[in-house]
Amino acid sequence: MKINFTKKQYETLFKMVQYGYWVASDTEDNKEFSEMEQYLNSFAKDFDMEGVQFVKEYEIYDLSREFEDQLHEVIDKYEEGVFRDKLAYHMARKEFAEESENHEYNHEEAFKRIMELEEKYHLHIEEHGLAKLKIEE
């Protein structure tokens, strides 16, 4: 099968693959992801895409530092959002578990209360960042 792409479509797909590969490269079995990433990278020159070069010594297509940094701006922003979401999630679950020792919730009440607690932590993190976060013993 053959698929035709415009330059813009290729660039978008290229970025999507790089973002996906960033996540998948942490897994043990990422050979097929690596092969797809390299295959797609091999067309960068055909689309006049700067920032991708073939490194003969290693037989791979690699990104320039500048291009990689551009991609990581998006990845870093995403990871920061995930961190904050997970922090709010875990803090809410912790507080809910403590509350549940003294109060019994039905399924609907529990769900509603957890959502309220998550929102409380999201607002707190949004307002203060991590400045007021403490770990007590």
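Per DSSP helix of 4 or more residues, -39500 (n - 2.57); summed, then divided by the residues of the chain. What does that give at 222 nm, rounded to the nearest 500?
Helix contribution divided over all residues of the chain: -22000 deg cm²/dmol.
State in Å² the accessible area per residue of the chain; use a 1.4 Å probe, count heavy atoms of protein chains only, and round to the nearest integer.
82
Figure the gain on full extension for residue 58 and residue 30 (residue separation times 0.36 nm, minus the Cα-Cα span) and round it to one decimal in nm.
8.3 nm
By the gyration tensor of its Cα atoms, with a ≥ b ≥ c the square roots of the eigenvalues, what is the shape of the stretch 32-107: rounded for a/c under 1.5, prolate for a/b over b/c, or oblate?
The shape class here is prolate.
Can you find, among 97, 82, 114, the residue sitting farthest towards the positive end of the charge dipole of the stretch 79-137, where Lys and Arg contribute +1 and Asp and Glu -1 at Cβ?
After comparing all options, I get 82.
Let me know the charge dipole size of the stretch 69-137 about its Cα centre in debye, to the nearest 20, where only the beta-carbon of Lys, Arg (+1) and Asp, Glu (-1) is charged.
Values: 10 positive and 20 negative charges, 7 e Å.
Dipole size: approximately 40 debye.
Mind checking the angle between helix 7-24 and the chain's longest principal axis? C-alpha axes, 0 to 90 degrees, to the nearest 10.
Approximately 50 degrees, to the nearest 10.
Consider all pairwise Cα distances in the chain and report the whole-number % of them above 24 Å.
Tail of the P(r) past 24 Å holds 53 percent of the pairs.
Using label points projected 7 Å from each Cα along Cα→Cβ, tell me how many nm separate residue 106 and residue 68, to one decimal.
Placing both labels 7 Å beyond Cα along the Cβ direction yields 5.6 nm.
Around residue 61, which amide H atoms from residues at least 5 apart in sequence, or from another chain, sit under 5 Å from its own amide H, with H modelled in the peptide plane?
Hits under the 5 Å cutoff: 55.
The values are calculated or read from the model by the stated rules, or taken from the named source; none is laboratory data. Source: prediction; values computed, not measured. Because the Cβ atoms are built from the backbone with ideal geometry, glycine has one as well, and the counts that use them run over all protein chains shown. Each accessible area value is taken on the protein alone, full model and side chains, heavy atoms only, with ligands, DNA and RNA left out. Shrake-Rupley method; radii C 1.70, N 1.55, O 1.52, S 1.80 Å.
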